[in-house]
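Reviewing the structure listed below.
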Number of protein chains: 2
Amino acid sequence: MDVGARLQAIRKLKGLSQRELAKRAGVTNSTISMIEKNSVSPSISSLKKVLSGIPMSLVEFFSIDFEQETPVQVVYRADELVDISSGAVTMKLIGKAHPSRSIAFLDETYPPGSDTGDEMLNHDGEEAGMLVDGRLELTVGNEVFVLESGDSYYFESNRPHRFRNPYEHPARLISATTPANF
Amino acid sequence: MDVGARLQAIRKLKGLSQRELAKRAGVTNSTISMIEKNSVSPSISSLKKVLSGIPMSLVEFFSIDFEQETPVQVVYRADELVDISSGAVTMKLIGKAHPSRSIAFLDETYPPGSDTGDEMLNHDGEEAGMLVDGRLELTVGNEVFVLESGDSYYFESNRPHRFRNPYEHPARLISATTPANF
DNA sequence: TCGCTGTGTTGTAAATAATGAACACTGTTG
DNA sequence: CAACAGTGTTCATTATTTACAACACAGCGA
C-alpha cells in the first residue's frame with residue numbers, strides 16, 4: 001500500500017478534510033493533496049509534520065494494517081501445523097490461516113546434534129518459550145544455560161541467541177515470538 | 001532519536017560504509033552523508049531506496065530500539081514461575097523479572113471440572129496456545145472445539161472465549177498472549 | 001616517502017517537493 | 001436561483017533535496 005493511499009485512508013478514518021488536517025499539521029492543503037495523489041514523495045520531516053496533525057507516529061503510520069478480515073480458522077490439529085523447518089530443527093507454526101499474525105507460536109523439535117547457529121538479530125521484539133521434553137542448551141549474549149523439561153526463558157530478540165542440542169535425546173520446545181517474523 | 005543517527009547506527013551495525021550502502025541502494029554517497037548529518041530530511045522514497053540496500057523496511061527502521069537493555073533474567077526454572085492462578089485453573093507466568101513484557105507466556109493447568117468462565121474481553125491483541133497434555137474444550141465466538149494433546153489455537157483476543165475441562169484428567173496448556181495484560 | 005585505496009565531507013548544478021493562489025465541483029441556505 | 005462554505009485539484013514560484021565531482025584525511029604496502 002502506497003504512502004498516498006495510506007494517508008488518505010487514515011485521514012478519512014479520522015474524519016478530517018485535507019484542509020482541516022493541513023491546518024492542524026501546519027502545512028498547506030495542496031501538500032496533503034499532492035501526497036495523497038502520490039504526485040510527490042514527502043520528506044520525512046514533512047510527513048512527520050503532517051502526521052502530527054492526526055496525531056500519529058511514523059511507526060504507527062507504516063504499521064497500520066487495513067486488512068481486518070475475520071480469521072476463519074481457530075483450532076489447528078496436530079497434523080495441520082505448517083512446517084517451516086530449516087535444517088535439522090523441526091519448526092511447526094500455529095495459526096497458518098491467520099493473515100497478519102503478531103505472534104509466531106511454534107512447536108519446535110531439536111534432534112540430537114542440532115543447532116540454530118549464531119543469529120545476530122537487530123529488530124525489536126521479544127521471545128519466550130518452555131521446554132516440554134528433553135534437554136536443550138540456550139545461549140543468550142555470553143551466557144550459556146541448560147534447560148531441563150519444564151524450564152523456560154524470556155529475552156529480547158535483539159540479543160544474540162542460539163539453541164543447541166548436544167545431548168542424546170530430542171528436545172521439544174514450545175515458543176512464542178513477537179512481532180512475528182514469519 | 002533522529003533519522004540521521006538512526007541510519008548511521010543501523011549502517012554501522014551492518015558493517016557498511018556510506019559508499020557501500022549507497023552503491024547497494026542506488027544513491028550517491030553524499031546523500032547518505034547528508035542524511036546522517038541531518039543536513040537534509042530525506043523524502044520517503046529516498047529513505048526507502050536507501051533502506052532497500054540494507055535491506056530494511058520503513059517500519060523496521062523506525063521501530064528499532066537501540067536502548068541497551070539492562071541484563072535481566074533469561075532462564076526461569078520450573079519452580080521459579082510466578083503463580084497467577086485465579087480459581088481452580090493454575091496459571092504460571094514465565095519471565096517475572098522482565099520489566100515491560102509484550103508477551104504473556106503461560107503454563108496453564110486445568111483440573112477436571114475447571115472453567116475460565118465466559119470472558120468478554122475488549123482489549124486488542126492475539127493469543128495462541130498448544131495443548132501438551134489431556135483434553136480441553138475451547139469456545140471462541142459461537143464455536144466449540146475439543147482440543148486433544150498436540151492441538152493448538154490462534155485467535156483475536158477480543159473475540160469472546162472460554163476454556164473448560166469437563167473431562168476426567170487434568171489438561172496442560174502452554175499459551176502466549178500479546179500484548180501482555182498482566 | 002610515494003602511491004593507492006578506503007573513509008566521510010563538502011561545493012555547485014540539476015531534480016524534486018512545498019507553498020500560495022487560483023480553479024472546478026458539491027451541497028446548503030436564504 | 002444566487003451566494004456561500006465546504007470539498008479536492010492544479011499551476012507557477014520558492015524552497016529543499018539530490019547527484020556529480022572534487023576535496024581532505026587515514027591506513028597500508030611497495
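Remarks
- Residues (crowded, with 16+ Cβ neighbours inside 10 Å and touching an Asp or Glu at 6+ places or on another chain (Cβ under 8 Å)) located in the range B:27-50: none
- Test result for A:VAL82, at pLDDT below 80 and more than 16 Å from DNA strand C (Cβ to nearest atom): no
- For the range A:76-95, taking the residues that are surrounded by fewer than 14 Cβ atoms within 10 Å (Cβ to Cβ) and over 26 Å from B:PHE145 (Cα atoms), the one that is nearest to the other protein chains (Cβ to nearest Cβ) is identified as A:SER85.
- Taken over the range A:136-158, residues that are open to solvent by less than 10 Å² (accessible area, probe 1.4 Å) and among the β-branched types (Val, Ile, Thr) amount to 1.
- So B:VAL74, is it more than 30 Å from A:LYS49 (Cα to Cα), among the aliphatic types (A, V, I, L, M) and out of contact with any Pro (no Cβ under 8 Å at 6 or more places or on another chain): yes
- Among the candidates A:ARG19, A:ARG24, A:ARG11, residue that is part of a helix (DSSP H, G or I), open to solvent by less than 20 Å² (accessible area, probe 1.4 Å) and either within 13 Å of DNA strand D (Cβ to nearest atom) or among the basic types (Lys, Arg) (or both): A:ARG11
- Across the range A:109-130, the qualifying residues are those that are more than 9 Å from chain B (Cβ to nearest Cβ) and under 25 Å from the mean Cα position of the chain (by Cα), and the one among them that is modelled with the lowest pLDDT is A:LEU121.
- Which numbered condition A:MET1 fails, given (1) outside any loop (DSSP other than H, G, I, E, B); (2) surrounded by fewer than 16 Cβ atoms within 10 Å (Cβ to Cβ); (3) touching a residue at least 40 places away in the same chain (Cβ under 8 Å): (1)
- Cβ pairs under 6 Å, 6+ apart, first in the range B:35-57 and closer than 16 Å to B:LYS12 by Cβ and at pLDDT 95 or above, second open to solvent by 40 Å² or more (accessible area, probe 1.4 Å) and among the β-branched types (Val, Ile, Thr): none
- Residues that are of a type in the set (Ser, Thr, Tyr) and within 14 Å of chain B (Cβ to nearest Cβ), drawn from the range A:13-38: A:THR31
- Scanning the range B:39-67 for residues being under 13 Å from A:SER43 (Cβ atoms) and within 10 Å of chain A (Cβ to nearest Cβ) gives a total of 9.
- The residues on offer are A:SER46, A:SER102, A:SER86, A:SER63, and the sole one that is out of contact with any Leu (no Cβ under 9 Å at 6 or more places or on another chain) and within 16 Å of DNA strand D (Cβ to nearest atom) is A:SER46.
- Under the condition of being more than 9 Å from DNA strand C (Cβ to nearest atom) and either hydrophobic (A, V, I, L, M, F, W, C) or touching a Cys at 6+ places or on another chain (Cβ under 6 Å) (or both), the residues counted in the range A:2-43 number 8.
The values are calculated or read from the model by the stated rules, or taken from the named source; none is laboratory data. Keep in mind that this is a model prediction, so the values were computed, not measured. Glycine gets a Cβ as well: all are built from the backbone with ideal geometry, and neighbour counts include every protein chain shown. All accessible areas refer to the heavy atoms of the entire protein, side chains included, with ligands and DNA or RNA removed. Shrake-Rupley method; radii C 1.70, N 1.55, O 1.52, S 1.80 Å.
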